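> Before we start, here is the structure in question, set down as structure tokens.
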Amino acid sequence: MSADQDYKYIGKGISRLDGPEKVTGSAMFVHDMTLPGMLYGKMVKSPHACARIVSIDISEAEKSPGVRAVLVGRELPYKVGIYMIDKDILAKEVARYHGEPVVAIAAQSELAAEEACAKVKIVWEALPAVLDPREGLSPAAPLVHPELASYSYMKGVFQPQPGTNISHHQKIRKGDVEIALAKADVVWEAKFYNPPVQHVAMETHTCIAQALPGSQVQIWTSAQSPFTVRNLFSACFGIPHQNIRVHVPYVGGGFGGKAGIHLEPLAYLLSQKAGGRPVKLTMTREEEFGAMPSRQGLYSQFTTGATREGKIISLVAKYIWDAGAYADYGVNVGRAASYSGAGPYEIPNCHIDSLVVYTNKVFGTAYRGFGHLEALWGIERNMDIGARRLGLDPVEFRRRNVLRPGAKTITGETVTEHTGRVDLCLEKVAEEIGWNGIQTEEERAQAMAGGKVRGKGVALLHKAPAMPVFTSSAALLKFNENGSVDLLTSIIDYGQGTYTALAQAAAEELKMPIERIQVPWESDTAMTPYDWQTVASRGAFMGCKAVIAAARDALQQIKETASQVLRAPVEELVCRDEVVFVAHRPEECLSYREVVMGYSYPNGNSIGGPVIGRGHYIAQGLTHLDLETGQGLPALDWTYGAHGAEIEVDLDTGEITVLNLATALDVGQVLNAQSLRGQIIGGVVQGLGSALLEEFRFSPQGRLLNAGFVDYKIPTSKDLPRKMSQHIILTEQLDGPYGARGVAEHPMISVPGAIGNALYDALGIDFFELPLNAERVWLGIQRKRSETQDTLPGAIKLPRAIHLDKGGA
Amino acid sequence: MIRPFKYSKPRFLREALEALEKENARALAGGSDLLVELREGKSQAEHIVDVKAIPELSCFSIGKDGIIIGGQLTLNELAESKELGQTCPILGDAARTVATPQVRNRATLVGNLCTASPAADLAPPLFVLGAAVVVASKEGEQRIPIQQFFQGPKKNCLQPGQLVLRVEIPPRSTGRGVFMKKSRVRGHDLATINVAGWTNPQAGILRICIGACGPTPVLLTSSDELYQRAVCRDELLDGLATLAQDQIAPIDDLRASAAYRRSLVTVFLGRMVRILFPEEGGWPHV
Amino acid sequence: MFDETPQNTLPGAIKLPGAVYTISVEVNGKACTEEAPAQMTLLQFLRERLFLTGAKEGCGVGECGACTVLLNGRAVDACLVLAVEADQASVRTVEGEARDGELTLLQRAFIEHGAVQCGFCTSGMLLSAQSLLESNPHPNREEIVEAISGNLCRCTGYVQILEAIEAVGEGMEEGG
Ligand code: FES
Ligand code: FES
């Protein structure tokens, strides 16, 4: 349990610092910005999933009124990306997905740009497309990237396989699965599927870029990570970092979709071609769905072996990711999911193969808890299926296998007293939903007579930040003349509440009122200190560590000046309530204000100087994973949790009503109670979207059919569970700020598993594919009704055949 | 982006009708469908004729001669009308299920019909109520039974130069109705299917209309005969289900498969009939 | 009813077919007269002509509510209204809610209840809620859910928004 410390700010439900700007409409998003002379960009997009560009005629478009620049892919000898540098800024010889930008035009108005786009004439030669990653693995499959061998990527971490569609193959090897499977009393197999979905941040991707003389670049962008945009931009164009200035004002949601780099290079190239006028590129909602990255689809498969006593001794898992046309960020999704890929369980023998496969579809990227919602859908359904095979209660089966202190994870990390308690999360949610075992077939049959049936289910979750080993944060605390403080950071608060948490830490450490701490809401690579990326639930963790260090540095500076004035050694000085004083003689004191800009003696002599606290934090002790075995230390911190769900199913329509959704997370320490609750509820509701509603639908030719809110539904205020509750476990993270660990992504993970397990409890039907929309559930009910003799407990029935080896390999 | 066009807001019907005679002229009332079409380039209108200042379209009356709903009446105005709620609640019930509160503050009942979507939520109630659409042109007024107004998916029977003035619902002394809709989410969504039923037991009338299950809403034929013949509710239900399955022609689309729609139709017919005829055993009209 | 000027004056003065109209509209209590082409939506008019960027475009087709403003007192999607249609009307945007720097009860409740995360949906959400509270000062949960059901929020999961609106409704009861 957490150290029982008396904090003034940490843990309190302090309201967002940016509340007033946001409720008055004055918060400025890139969406709202216009610059003098600004042009608007629009794009011509590929009407084919895979096609060769035979010719492009832009002559009419160039003459169109108001046009200032027309760009085609062939003029752009660049590749861009974060882990796998494989993205074209505009398609060059070949367009790799339906909706891929092919020509871009900057004009004086959006309308003029759009009209010019309509005048571009492209001759296409359609090519066979890879639309299913399982088919993409076949040696006969066309190659989405025949030049894969020539691409740069993060070496030592990723393993692309040129000559195939595999952009990365992550292996985890622990123990000997063959021997263990042979020893197991019970062995079962199951296969699952998650469709691609989208983040749906309410602000679509947008940026403004300006190419200035002397290869200087200014960028304003709705992005999660100004420094990563700058770094990747620099790598793409060979422009030195100091020449590129990236500004990020308020951002209207990210959820991973705005990590890495997206529209910035194209806007810059248009600006350059238009003689240096700023160019704004804003995605319409349709483009956001169809041309901006999504969450990759996943086919997963598990072979699990357990002893009669219910101890899992062997797990073989295979993950096949539908990366889409580019694996830019997606390779890391495949990697992260693999080292979490056995769930929060101790499994002595484990083999995981995670394959990130190129296809001719809109590409994937990070999405809140990336890889985990997808993998844990299968893992947690698999646990319930296994429990049934063993004749065990699903909660009890989990109890027997969860990671406990002393256990070793599948990458060889030892779980300690301070890693977090998934078992407590499990017990909490089981209690909250009144878990009393899975229903029998007789109980179900009885309930079904009423037309509506209820069921309960639980699912566990875990995740650690997926980030490079060298990930770091920095913070500056800059005192103002009146003794107030500006907190400078390049972490982006696109809604999570991070800035408020950072201000709380600063106020706590500097011993001053939080009202006197200001976090300017624009990060700027030229002004705010380095931060790698705002992703992976690492912002508050690493940012607070940097702020704490910066505060200590600032206090040291204050004390050094005060030490001379008060003629007392630094060690004897204490800071409290914006005053520095001698510990044993509090009346010997100075206010911060008297010191922070330098102290002036009555005769005019002055000492000290403007106080600027500087702090940093770099992830400690992480290692690369061994390429062959996956062994190593990938995790800064593990956050564990569980969901418990009670649902009601309408047997006639298949519609699910979520009656109760209880969530428990071991957060280590609460930094801000209000934003923690907001993150949990917001995440759970997003998880419900994945569980019940959301999926990309493609035509047989690979066209995205539901690129808009008419047919891509996200939860509205009417789609909430009847009851939701949030529960916090506090197992202090030793190196976490105040004992806290990251939690922004976790709430959405495993929501589908909890619902899917509750659905089995209600209906006695296993569902393997998401989303669990009414029609899919209805279909399952119809199948069961038509084959009732086949419902022996333990029988696994696939509603639709899913084969991981579709098309060969 | 919406391409440029000319806009006018005539105060006289004659002016509007003249303007609408031109090809590529479109009438604008609530705009919730038209503006989307314009933005998505599905309509190439060059002249938008705003009909919100024309007095002939503002009527709204509920009386002995039936219900008259002018072309300017928004869905929320209908949903909020207490009088309409008392006389004929299914219109408000259907109106409340359309899109979002913001859209319902603009979108009109007549506009909902003019878009002529097979899933139009206001269509099934108007079909079962035997409504007529009153259309004006320079030649004069014309009453078109609502079934004829719907010609196919997103196709109504209006010709250039015609404008819908109002919808008229004939008077009904007694009777009761039900409207039901199933969509993918509880929040705003198009109908996967929608159904309306209306009965006047004394007169032996039962009308059922099913939306989103064919190119236009399907008003079941021979439901009256079935109703008059049936000796108990279950028989009626079975008969209606068979009738419906014969007459609907749903398709597979993004919102649902045809099979699912068929199943929903039977389910919702059952639910509807149980509400229309709450008595389990005996049969009220025989 | 409109002065139709012969030429289009889109930003950058590109000549495109179409006509420009003079629009007189009361925005947040102040009368204003501006020119706009017929195809300009009320949302564009507010954002580009009047520089009131509180209302956002989240979809442009009436599905998300990020552009919600009050038109003659009623919540509408400004992306589905032509600017010319707002001639002679009164419009309220989020910028006009706070008076003399004093936040409204609802704005304060949004901040205090954690109803704001990224803030992109907030302007529209506030106006939908405000119009509810003005016509129904003590709404129940169901009415609140309905009133904001046309406003998508991807961040909050809505619960804290519902609580904020509810608190204002209850507060009004206490205050009489
Ligand atoms: S922008 Fe108007 S509803 Fe989405
Ligand atoms: S707060 Fe981000 S969309 Fe609502």
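The values are calculated or read from the model by the stated rules, or taken from the named source; none is laboratory data. Note that the coordinates shown come from a computational prediction; the quantities given were computed from them, not determined experimentally. No Cβ is skipped: glycine too gets one built from the backbone with ideal geometry, and neighbour counts run over all protein chains shown. Accessible surface areas use protein heavy atoms only, side chains included; no ligands, DNA or RNA. Shrake-Rupley method; radii C 1.70, N 1.55, O 1.52, S 1.80 Å.
> Restricting attention to segment A:81-109, and to residues there that are open to solvent by 10 Å² or more (accessible area, probe 1.4 Å) and of a type in the set (A, V, I, L, M, F, W, C), which single residue is farthest from A:P265 (Cα to Cα)?
The qualifying residue farthest from A:P265 (Cα to Cα) is A:V94.
> Could you count how many residues in segment A:586-600 are open to solvent by less than 70 Å² (accessible area, probe 1.4 Å) and in contact (Cβ under 8 Å) with a residue 40 or more places away in the chain?
The total comes to 3.
> Which condition from (1) open to solvent by 40 Å² or more (accessible area, probe 1.4 Å); (2) free of Cβ contacts under 8 Å to residues at least 60 places away in the same chain; (3) more than 10 Å from chain C (Cβ to nearest Cβ) is the one that B:R3 breaks?
Checking B:R3 against (1) open to solvent by 40 Å² or more (accessible area, probe 1.4 Å); (2) free of Cβ contacts under 8 Å to residues at least 60 places away in the same chain; (3) more than 10 Å from chain C (Cβ to nearest Cβ), the one that fails is (3).
> Just give me the residues in segment C:29-57 being in contact with a Ser or Thr (Cβ under 8 Å, 6 or more places away or on another chain) and within 16 Å of ligand 2 (Cβ to nearest atom), in sequence order.
C:G54, C:A55, C:K56
> Same structure, new question: Here are C:S123, C:S128, C:S135: which of them is within 16 Å of ligand 1 (Cβ to nearest atom), farther than 23 Å from A:W521 by Cα and within 14 Å of chain B (Cβ to nearest Cβ)? Walk me through it before giving the result.
Values: C:S123 fails: farther than 23 Å from A:W521 by Cα; C:S135 fails: within 16 Å of ligand 1 (Cβ to nearest atom).
Residue meeting the stated conditions: C:S128.
> Out of the residues in segment A:88-141 that are outside any loop (DSSP other than H, G, I, E, B) and acidic (D, E), which is farthest from the other protein chains (Cβ to nearest Cβ)?
So in segment A:88-141, the residues outside any loop (DSSP other than H, G, I, E, B) come out as A:94-95, A:101-107, A:110-117, A:121-126, A:133-136.
Applying the additional criterion that residues be acidic (D, E) yields A:110, A:114-115, A:125, A:135.
Numbers: A:E110: 5, A:E114: 5, A:E115: 8, A:E125: 26, A:E135: 23 Å.
For segment A:88-141, the residue satisfying everything is A:E125.
> Applying the selection to segment A:564-585, what residues are in contact (Cβ under 8 Å) with a residue 60 or more places away in the chain, over 16 Å from A:G598 (Cα atoms) and open to solvent by less than 40 Å² (accessible area, probe 1.4 Å)? Lay out the reasoning, then the answer.
Quick first cut of segment A:564-585, residues in contact (Cβ under 8 Å) with a residue 60 or more places away in the chain only: A:575-578.
Subset that is over 16 Å from A:G598 (Cα atoms): A:575-577.
Result: A:C575, single match.
> Could you tell me which numbered condition C:T104 fails, if it satisfies all but one of (1) away from ligand 2 (no atom under 16 Å from the Cβ); (2) polar (S, T, N, Q); (3) buried (at least 24 other Cβ atoms within 10 Å of the Cβ)?
Against the list (1) away from ligand 2 (no atom under 16 Å from the Cβ); (2) polar (S, T, N, Q); (3) buried (at least 24 other Cβ atoms within 10 Å of the Cβ), C:T104 comes up short only on (3).
> Moving on. Hey, could you check segment C:60-74 for residues that are open to solvent by 10 Å² or more (accessible area, probe 1.4 Å) and either within 16 Å of ligand 2 (Cβ to nearest atom) or more than 9 Å from chain A (Cβ to nearest Cβ) (or both) and say which is farthest from C:V25 (Cα to Cα)?
C:E63
> In a helix (DSSP H, G or I), open to solvent by 30 Å² or more (accessible area, probe 1.4 Å) and within 13 Å of chain B (Cβ to nearest Cβ) - does that describe any residue in segment A:755-777? Give the steps one after another, and end with the answer.
Filtering segment A:755-777 for residues in a helix (DSSP H, G or I) gives A:755-763, A:774-777.
The next check asks that each one be open to solvent by 30 Å² or more (accessible area, probe 1.4 Å); those that pass are A:775-776.
Narrowing the set further to residues that are within 13 Å of chain B (Cβ to nearest Cβ) leaves A:775-776.
Yes, segment A:755-777 has at least one match.
> So A:V469 ticks every box in (1) open to solvent by 10 Å² or more (accessible area, probe 1.4 Å); (2) farther than 30 Å from A:L730 by Cβ but one. Which box is left unticked?
Only one criterion in (1) open to solvent by 10 Å² or more (accessible area, probe 1.4 Å); (2) farther than 30 Å from A:L730 by Cβ is unmet by A:V469, namely (2).
> May I pose another question? Quick check on this structure: which one of C:T68, C:T156, C:T122 is assigned by TED's automatic domain parsing to the domain that holds C:T41 and hydroxyl-bearing (S, T, Y)? Spell out how you get there, then give the answer.
Values: C:T156 fails: assigned by TED's automatic domain parsing to the domain that holds C:T41; C:T122 fails: assigned by TED's automatic domain parsing to the domain that holds C:T41.
Among C:T68, C:T156, C:T122, only C:T68 is assigned by TED's automatic domain parsing to the domain that holds C:T41 and hydroxyl-bearing (S, T, Y).
> Turning to a different aspect of this structure: Just name the residue that is surrounded by the fewest Cβ atoms within 10 Å (Cβ to Cβ) out of those in segment B:129-143 that are over 14 Å from the mean Cα position of the chain (by Cα) and of a type outside the set (A, V, I, L, M).
Only one residue tops the list, namely B:G140.
> Still on this structure: Anything in segment A:39-80 that is more than 30 Å from the chain's Cα centre (by Cα), among the polar types (S, T, N, Q) and either outside any strand (DSSP E or B) or not assigned by TED's automatic domain parsing to the domain that holds A:R285 (or both)? List them, or say none.
A:S59, A:S64
> Among the residues of segment A:664-673, is any over 15 Å from A:F255 (Cβ atoms), open to solvent by less than 10 Å² (accessible area, probe 1.4 Å) and within 11 Å of chain C (Cβ to nearest Cβ)?
Let us first name the residues in segment A:664-673 that are over 15 Å from A:F255 (Cβ atoms), namely A:664-673.
With the extra rule that they be open to solvent by less than 10 Å² (accessible area, probe 1.4 Å), the set shrinks to A:664-668, A:672.
With within 11 Å of chain C (Cβ to nearest Cβ) added as a condition, the list becomes A:672.
Looking for residues that are over 15 Å from A:F255 (Cβ atoms), open to solvent by less than 10 Å² (accessible area, probe 1.4 Å) and within 11 Å of chain C (Cβ to nearest Cβ), one finds at least one in segment A:664-673, hence yes.
> If I filter segment A:395-406 for residues that are of a type in the set (S, T, N, Q) and surrounded by 19 or more Cβ atoms within 10 Å (Cβ to Cβ), do I get at least one hit?
Pass one, segment A:395-406, residues of a type in the set (S, T, N, Q): A:401.
Now narrow it down to the ones that are surrounded by 19 or more Cβ atoms within 10 Å (Cβ to Cβ): A:401.
Yes, segment A:395-406 contains at least one residue that is of a type in the set (S, T, N, Q) and surrounded by 19 or more Cβ atoms within 10 Å (Cβ to Cβ).
> Between residues in segment C:65-86 that are basic (K, R) and residues that are away from ligand 2 (no atom under 16 Å from the Cβ), which pairs lie under 7 Å by C-beta distance while being six or more apart or on different chains?
C:R74/B:N105; C:R74/C:S131
> Determine whether segment A:607-620 contains at least one residue that is at pLDDT below 95 and assigned to a loop (DSSP other than H, G, I, E, B).
Yes, that holds for at least one residue.
> Between residues in segment B:83-110 that are free of Cβ contacts under 8 Å to residues at least 12 places away in the same chain and within 14 Å of chain C (Cβ to nearest Cβ) and residues that are open to solvent by less than 20 Å² (accessible area, probe 1.4 Å) and outside any helix (DSSP H, G or I), which pairs lie under 8 Å by C-beta distance while being six or more apart or on different chains?
Matching pairs, first to second residue: B:Q102/C:G62; B:Q102/C:G65; B:Q102/C:T68; B:Q102/C:A75; B:Q102/C:V76; B:Q102/C:D77; B:Q102/C:G150.
> On the given criteria, is C:R92 within 9 Å of another protein chain (Cβ to nearest Cβ) and either within 16 Å of ligand 2 (Cβ to nearest atom) or farther than 27 Å from A:M38 by Cα (or both)?
No.
> Of the residues that make up segment A:709-728, is at least one away from chain B (no Cβ under 14 Å), outside any helix (DSSP H, G or I) and in contact with a Gly (Cβ under 6 Å, 6 or more places away or on another chain)? Give the steps one after another, and end with the answer.
We begin by selecting, within segment A:709-728, every residue away from chain B (no Cβ under 14 Å); these are A:723-728.
Those still in the list that are outside any helix (DSSP H, G or I) too: A:723-728.
Next cut, in contact with a Gly (Cβ under 6 Å, 6 or more places away or on another chain) only: none.
No, that holds for no residue.
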